[in-house]
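These notes concern the structure reproduced below.
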Amino acid sequence: MSAPVNERRGTTGPVIEARGLGLTFQTADGPVHALKGVDLTINAGDFISFIGPSGCGKTTFLRIAADLETPTDGTITVNGLPPAAAREARAYGYVFQAAGLFPWRTIGRNIALPLEIMGYPEADRAARVRRVLDLVELAGFEKKFPWQLSGGMQQRASIARALAFDADILLMDEPFGALDEIVRDRLNEELLKLWDRTGKTIAFVTHSIPEAVYLSTRIVVMSPRPGRVTDVIESPLPRERPLHIRESRAFLDIAARVRDGLRAGTSDV
């Protein structure tokens with residue numbers, strides 16, 4: 001049985017470490033340098049947002065950490081392990097841009113799918129599904145099908161699926177990018193509450209400056225290809241963040257620094 005989430009909050013230290021990380025894709029038109037010389041440490045309990053122009057390597061960094069891509073330079077570890085070993089140890093959950101729910105499976109059975117693949121007993125699967133549905137405020141929807149839910153609810157179900165096996169790290173690849181602003185704001189609030197309740201470490205990709213500033217303890221600003229880290233901004237905002245904090249001077253100052261970092265990164269290319 002996993003430890004209650006509150007007991008894990010005392011965990012400290014690095015969970016993802018990259019040193020000189022690079023990835024070059026070989027294509028018919030020549031090499032494409034997706035990442036170059038990335039040094040980054042993500043500590044336990046961090047909420048890290050990656051922001052930068054399209055093609056700057058934000059998603060590539062997450063995919064390398066998840067063992068979906070293999071770097072051509074440098075090193076990366078997840079919980080002190082190579083990505084392949086971390087994947088086998090179920091160190092992380094991954095939330096993609098699209099919810100990716102199977103239309104022929106109910107919400108409950110979609111969430112249970114990775115647990116089925118991993119061989120969890122039926123009773124354990126049912127208990128975990130109930131727990132994560134409650135965490136993402138979808139209790140009572142386990143027998144619904146994806147087409148019966150709104151886009152925002154489907155994405156919450158996708159987050160629940162990533163949480164089901166209780167990994168301490170959550171990798172999120174622009175999960176709210178296709179949603180309208182009203183739904184996105186609500187899911188941002190819910191994600192912060194979820195992060196506060198569970199104490200998980202979150203690495204989050206976004207193209208939105210307000211979203212990055214609102215959610216994060218640190219914001220990683222990246223340059224156009226080849227993707228490099230041009231700034232890492234520590235947030236002074238309190239852990240509890242109502243939406244109206246986006247009107248505060250501190251919030252606007254961080255947003256301005258992110259915007260300046262994005263401009264500087266573009267001018268350096």
Please verify whether Ala127 is aliphatic (A, V, I, L, M) and farther than 20 Å from Tyr92 by Cβ, treating the condition exactly as stated.
yes
In the stretch 192-208, the residues that are farther than 23 Å from Gly13 by Cα and surrounded by fewer than 19 Cβ atoms within 10 Å (Cβ to Cβ)
His207, Ser208
Sort out which residues of the stretch 199-227 are farther than 22 Å from Ala264 by Cα and modelled with pLDDT under 95, and write them in order of number.
Gly199, Lys200
Regarding Glu17, is this residue surrounded by fewer than 23 Cβ atoms within 10 Å (Cβ to Cβ), closer than 30 Å to Glu189 by Cα and more than 15 Å from the chain's Cα centre (by Cα)?
yes
Check the stretch 93-112 and report whether any residue there is in contact with a Leu (Cβ under 6 Å, 6 or more places away or on another chain) and within 26 Å of Val38 (Cβ to Cβ).
yes
Looking at the structure I just gave you, is Leu133 within 30 Å of Ile64 (Cα to Cα) and assigned to a strand (DSSP E or B)?
no
Any hit, the stretch 147-157, residues being in a loop (DSSP other than H, G, I, E, B) and at pLDDT 90 or above
yes
Which condition number in (1) small (Gly, Ala, Ser); (2) surrounded by 19 or more Cβ atoms within 10 Å (Cβ to Cβ); (3) within 30 Å of Arg131 (Cβ to Cβ) is the one that Gly261 fails?
(3)
Looking across the stretch 164-191 at residues that are among the aliphatic types (A, V, I, L, M), crowded, with 19+ Cβ neighbours inside 10 Å and more than 22 Å from Pro14 (Cβ to Cβ), the single one that is nearest to the chain's Cα centre (by Cα) is Leu191
Which ones in the stretch 219-245 are within 21 Å of Gly199 (Cα to Cα), in contact (Cβ under 8 Å) with a residue 40 or more places away in the chain and under 18 Å from the mean Cα position of the chain (by Cα)?
Ile219, Val220, Arg239
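So that you can scan it fast, the table gives a plain yes or no per residue for (1) among the hydrophobic types (A, V, I, L, M, F, W, C); (2) not in a helix (DSSP H, G or I):
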{"site": "Leu170", "(1), (2)": "yes, yes"}
{"site": "Leu179", "(1), (2)": "yes, yes"}
{"site": "Arg184", "(1), (2)": "no, no"}
{"site": "Glu190", "(1), (2)": "no, no"}
{"site": "Leu194", "(1), (2)": "yes, no"}
{"site": "Ile202", "(1), (2)": "yes, yes"}
{"site": "Glu211", "(1), (2)": "no, no"}
{"site": "Val221", "(1), (2)": "yes, yes"}
{"site": "Glu240", "(1), (2)": "no, yes"}
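The values are calculated or read from the model by the stated rules, or taken from the named source; none is laboratory data. Since the model is a prediction, treat every value here as computed from it, not as a measurement. Glycine gets a Cβ as well: all are built from the backbone with ideal geometry, and neighbour counts include every protein chain shown.
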